[in-house]
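Written out below as structure tokens is the structure these notes cover.
A short reminder: the numbers here are calculations on the coordinates, not readings from a lab. Since we're looking at a predicted model, the values are computed, not measured. Note: ideal-geometry Cβ built from the backbone for every residue, glycine included; neighbour counts use all protein chains shown.
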Amino acid sequence: MKRLFLLFAAFCVFFVVTGIARAQQMDVAFGFGTVGGNSASDASLSEIVSGTATPQSIGGGGYPAFSGDFLFYRKYIGVGGNVAWRANQNVNIFSQPYRPIFYDFNAVLAPPIGKRAQAEFQAGIGAESVRFYTPFFTCSGGLFPNCTDYSSSNHFLGHFAGAVRLYVSRSIFIRPEVHFYLVNNNVEFAGPRVTRYGASIGYSFKNQF
């Protein structure tokens with residue numbers, strides 16, 4: 001989790017530096033939602049035997065999320081990123097605790113809808129990181145070892161999202177949203193589809209639409 005936050009923080013810092021000079025709008029948001037995915041029955045017997053799918057769904061649980069974007073071209077086209085993770089560990093069919101984490105980087109299109117709303121569409125790439133927790137710590141490195149109580153299984157994904165920003169003031173917005181992930185080689189679950197839906201509250205800087 002710490003490394004993902006550092007990666008996302010580096011992403012935000014980079015675009016803050018570049019955005020100061022050219023961004024028309026910068027947005028940050030925190031949200032909460034849940035996910036759905038392929039049901040356990042979607043995993044066929046041949047996939048289970050070959051190890052390319054596991055008869056369990058990724059669905060359920062609460063997912064906090066952070067997001068940010070910069071709109072710098074014609075005031076509503078830009079780039080952004082998201083990170084979301086399962087708030088509580090789940091237990092798989094092998095009785096092993098685990099936690100999925102999703103992060104993605106996207107092209108963003110956010111045209112205005114009147115004076116108090118903004119549509120938002122995203123398309124990009126990212127990764128799913130499934131952390132499997134153990135009752136012991138494993139350390140690596142020399143003088144300053146890195147110790148963790150989990151191992152990670154990482155998978156490339158494609159990301160698509162749609163949302164509507166409803167402004168309650170000039171800068172503060174509420175955003176109902178839906179995110180769709182297609183996860184490559186998602187062998188820990190019954191299939192590649194993951195849908196995350198929820199809502200965020202956010203703040204817009206340099207809001208000029």
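A few notes on this one:
- Test: residue in the range 182-192 that is closer than 30 Å to PHE70 by Cβ and without any contact (Cβ under 8 Å) to a residue 40 or more places away in the chain: yes
- In the range 33-88, the residues that are crowded, with 19+ Cβ neighbours inside 10 Å and under 14 Å from GLY198 (Cα atoms): GLY33, VAL35, TYR63, ALA65, PHE66, SER67, ASN82, VAL83, ALA84, TRP85, ARG86
- Out of GLY158, GLY191, GLY162, sole residue that is touching a helix residue (DSSP H, G or I) at 6+ places or on another chain (Cβ under 6 Å) and closer than 21 Å to ILE125 by Cβ: GLY191
- Unique residue being among the β-branched types (Val, Ile, Thr), part of a helix (DSSP H, G or I) and more than 13 Å from GLU188 (Cβ to Cβ) when the list is VAL35, VAL49, VAL28: VAL49
- Scan the range 99-133 for residues that are under 14 Å from the mean Cα position of the chain (by Cα), surrounded by 21 or more Cβ atoms within 10 Å (Cβ to Cβ) and of a type in the set (A, V, I, L, M) and the total you get is 1.
- Residues that are of a type in the set (Val, Ile, Thr) and over 14 Å from the mean Cα position of the chain (by Cα), drawn from the range 151-179: VAL164, VAL168, ILE172, ILE174
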